[in-house]
1. Under the classification rounded if a/c is under 1.5, otherwise prolate if a/b is larger than b/c and oblate if not, where does the range 177-244 fall, given a ≥ b ≥ c as square roots of the Cα gyration tensor eigenvalues?
2. So which GluC sites (Glu not before Pro) in the range 213-249 are both in a DSSP loop and have at most 15 other Cβ atoms within 10 Å of their Cβ?
3. For the pair residue 29 and residue 45, how long in nm is the line joining their label points, each one 7 Å along Cα→Cβ?
4. In the range 110-214, with Lys and Arg counted as +1 and Asp and Glu as -1 at Cβ, which of these residues, 136, 125, 146, has the Cα nearest the positive end of the dipole, that is, farthest along it?
5. What size of dipole, in debye to the nearest 20, comes out for the chain about its Cα centre when the only charges are +1 on Lys and Arg C-beta atoms and -1 on Asp and Glu C-beta atoms?
6. Roughly what angle does helix 156-174 make with the longest principal axis of the chain, taking Cα atoms, 0 to 90 degrees, to the nearest 10?
7. Where the Cα atoms of the chain are projected onto their three principal axes, how long is each span, largest first, in whole Å?
8. Do any of 122/158; 130/187; 195/229; 104/151; 187/229 go past 18 Å between their Cα atoms, and which?
Amino acid sequence: MKSIQVTLLLLATSLMHLAAQQAPVEDPVRESLRLWVETMKNRQVQQDDWKRDQEVLQNYKDGLNRELEDLKKLIVETKERNQAADKESLDLTAKITAYQEAQKMLGEAVRVLENSALVQAKRLPTTLAKDARMAQFLVEIAKDVQLTGEKQNEALPKRINNILAFLGETEKWQQTIHIKEEVHALKDGREMNLKVMYLGLAVAYGISAEGNIAIVGTPGAEGWTYEEKPELFTSISEAIASTVGDRDPSFTTLPVRLP
């Protein structure tokens with residue numbers, strides 16, 4: 001179609017040129033021919049412009065379609081990421097809730113152990129309870145047992161370590177015979193320095209450096225109680241001497257009160 005129009009346009013142009021060389025014709029005919037040629041030229045220009053515009057619009061449309069497809073993919077990917085994030089958030093929330101519940105349960109268990117440790121501390125010999133390390137652990141435990149509310153579940157590792165340290169020091173004392181110099185009040189009101197032998201946490205025997213004073217101590221729920229047993233002075237003296245190496249080992253019979 002375009003080639004026919006171009007051919008006609010060239011033909012009309014040739015006719016006009018030829019007409020200009022020949023004898024003059026009527027002006028209306030020449031003017032009509034000139035107008036027709038201009039119209040054809042303008043039409044051809046408009047057609048070419050329209051075609052270019054059509055190509056531009058088509059390219060723009062194709063670009064928009066590609067962008068639309070990219071946006072659709074992005075929307076799908078965003079939804080998938082959001083779903084994954086929501087699931088991860090739910091999983092994290094569940095983990096946090098489980099951790100908080102576990103921490104609460106652990107806090108309750110630690111509180112039970114702390115109370116038990118303070119109860120058992122009353123059964124410790126005074127010498128052991130006043131030992132620097134043991135005294136520090138007991139102070140910390142007594143302070144921690146006063147925590148309430150949310151603070152009750154704080155610093156649990158440290159508090160557990162204090163309890164374990166308390167039990168460790170107690171167990172070390174339990175496994176050994178200890179000879180300690182202690183001041184005890186007697187029935188007559190006097191206070192006397194005695195050498196006391198502890199057989200772990202079960203029983204204690206003490207004697208004075210001079211005289212015929214002997215005591216036997218036993219643990220109880222409110223602490224140790226000591227009874228004067230002067231008749232055991234010799235037996236206790238022999239047992240202590242054998243323990244510290246002042247005499248050869250020998251069997252010595254001493255009374256033990258069963259709990």
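1. oblate
2. Numbers: sites: 222, 227, 228, 231, 238; in loops: 222.
Within the range 213-249, the qualifying GluC sites (Glu not before Pro) (loop, at most 15 other Cβ atoms within 10 Å) are 222.
3. 2.9
4. It is 146, whose Cα lies furthest towards the positive end.
5. On the way: 33 positive and 39 negative charges, 91 e Å.
Computed charge dipole of the chain: roughly 440 debye.
6. On a 0 to 90 degree scale, this one is about 20.
7. 171, 38, 27
8. Working: 122/158 22 Å; 130/187 24 Å; 195/229 14 Å; 104/151 11 Å; 187/229 11 Å.
Violating the 18 Å Cα-Cα cut-off are 122/158; 130/187.
All of the numbers you see were taken from the coordinates with simple rules; none came from a lab. Treat the numbers as computed from the prediction; the structure is a model and nothing was measured. Here the Cβ is made from the backbone with ideal geometry for all residues, glycine too, and neighbour counts use every protein chain on show.
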